[in-house]
Amino acid sequence: DRGETMARVSELVLGHTVTNYITRFRHKNGTYRFIEWNAAARDGSIYAAAQDVTQRQELESFLHKMAYHDRLTGLPNRSFLFERLAQALSNAQRKQAIAAILFIDLDGFKGVNDRLGHAAGDRMLKEVAARLLGCVDEDETVARMGGDEFTLLLQPRPTREMALNRAIHVAENILGSLVRPFVLEG
């Protein structure tokens with residue numbers, strides 16, 4: 001994170017204090033370590049204290065993933081979706097654009113679990129998640145709401161017609177993707 005770190009050093013040269021700044025440093029073994037540092041410039045010298053906070057950063061990242069992602073599919077969960085939805089609606093309002101959201105419920109999914117077992121149902125949900133991700137752009141959100149329910153949040157478009165056309169295009173891609181057979185056992 002050289003650029004960001006140099007910006008903090010520039011602040012120090014100007015006499016500012018830098019507190020609780022976390023940056024990555026590359027270890028000689030090739031891994032990255034997160035270092036938190038506090039520094040101040042006084043009388044032409046820079047005084048700093050640094051601490052390796054890699055374990056804390058990794059734990060925070062793990063907890064964030066657990067809190068905001070579905071454990072089975074790895075997709076964002078309901079909480080994450082609602083945060084993204086709030087951002088999208090705010091962004092759409094600011095730009096006077098139209099956001100689209102698609103809801104998907106898998107018909108007959110209970111039968112998969114009943115006939116083939118929960119392991120097969122889990123495999124199917126993972127495959128559905130992968131197929132849905134293939135139907136949207138990178139900046140759009142696919143979330144698992146729970147069970148066999150998924151939600152897709154599409155990027156806001158400048159007009160209602162453009163938003164509708166995008167939603168129709170994605171929905172058609174989803175139907176084409178989900179109509180292909182799922183191989184769950186052999």
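Can you list the equivalent-ellipsoid semi-axes of the range 82-186, largest first and in whole Å, using the square root of 5 times each Cα gyration tensor eigenvalue?
In descending order, the three semi-axes are 30, 14, 10 Å.
So, for the range 27-71, what is the accessible surface per residue at a probe of 1.4 Å, expressed in square angstrom? All intermediate terms of the calculation are to be shown ahead of the outcome.
Numbers: 3540 Å² over 45 residues.
With the other protein chains kept in place, the range 27-71 gives 79 Å² per residue.
Picking from F62, L154, V9, whose Cα lies most toward the positive end of the charge dipole for the chain (charges on Cβ: Lys, Arg +1; Asp, Glu -1)?
About the Cα centre, the residue reaching furthest to the positive side is V9.
With +1 on each Lys and Arg Cβ and -1 on each Asp and Glu Cβ, how big is the dipole of the range 7-110 about its Cα centre, in debye rounded to the nearest 20?
Result for the range 7-110 is approximately 160 debye, rounded to the nearest 20.
Along each of the three principal axes of the Cα atoms of the range 21-69, give the extent in whole Å, ordering the values from largest to smallest.
Sorted largest first, the three principal extents are 49, 26, 11 Å.
Given the Cα-Cα distance of I168 and A120 and 0.36 nm per residue of separation, how much length would full extension add, in nm?
Numbers: separation 48, 0.36 × 48 = 17.28 nm, distance 3.02 nm.
Full extension of this stretch gives 14.3 nm more.
Residues of the range 80-121 with amide nitrogen under 11 Å from the 7 Å Cα-to-Cβ point of R160?
Label zone hits: none.
For the chain, take the longest principal axis of its alpha carbons; what is the angle in degrees between that and the long axis of helix 54-68, to the nearest 10 within 0 to 90?
Its long axis makes an angle of about 30 degrees.
Note down the magnitude of the dipole of the chain about its Cα centre, charges +1 on Lys and Arg C-beta and -1 on Asp and Glu C-beta and zero elsewhere, to the nearest 20 debye.
The dipole of the chain has a size of about 300 debye.
Give the lysines reachable from K126 as a straight Cα distance under 27 Å; neighbours fewer than 8 places away on the same chain don't count.
Within the straight-line cut-off, K126 pairs with K65, K110.
Tabulate in residue order the Karplus-calculated ³J(HN,Hα) for the range 139-147, using 6.51 cos²θ - 1.76 cosθ + 1.60 with θ = phi - 60°, rounded to whole Hz; enter x for Gly and Pro.
Per-residue couplings from phi come out as 8, 10, 10, 10, 10, 9, 7, x, x Hz.
For the range 143-186, what class follows from the C-alpha gyration tensor (a ≥ b ≥ c being the square roots of its eigenvalues): rounded when a/c is under 1.5, otherwise prolate if a/b is larger than b/c, else oblate?
The shape class here is oblate.
So, for the range 144-186, what is the accessible surface per residue at a probe of 1.4 Å, expressed in square angstrom?
59 Å²
Mind jotting down a quarter of the surface of the convex hull over the alpha carbons of the chain, in square nanometres, one decimal?
Reported value for the Cα convex hull: 15.7 nm².
Once label points are set 7 Å from the Cα along Cα→Cβ at both R42 and Q87, what is their separation, rounded to one decimal in nm?
4.0 nm
Expressed as a whole percentage, what fraction of the accessible surface of the chain belongs to carbon and sulfur atoms when a 1.4 Å probe is rolled over the protein heavy atoms?
Answer for the chain is 53 percent, counting heavy atoms of protein chains only.
Distance in nm between label sites at L178 and F25, each 7 Å beyond Cα in the beta-carbon direction?
It is 5.1 nm.
Based on the alpha-carbon gyration tensor of the range 53-119, what equivalent-ellipsoid semi-axes (square roots of 5 times the eigenvalues) come out, in whole Å, largest first?
So the equivalent ellipsoid measures 29, 25, 6 Å along its semi-axes.
Round to a whole angstrom and tell me the spacing of the C-alpha centers of the range 31-98 and the range 121-186.
Spelled out, the Cα-based centre of one part sits 26 Å from the other.
The values are calculated or read from the model by the stated rules, or taken from the named source; none is laboratory data. Predicted, not measured: the structure shown is a model, and the values here were computed from it. No Cβ is skipped: glycine too gets one built from the backbone with ideal geometry, and neighbour counts run over all protein chains shown. Surface areas here come from the heavy atoms of the whole protein model, side chains and all, with no ligands, DNA or RNA. Shrake-Rupley method; radii C 1.70, N 1.55, O 1.52, S 1.80 Å.
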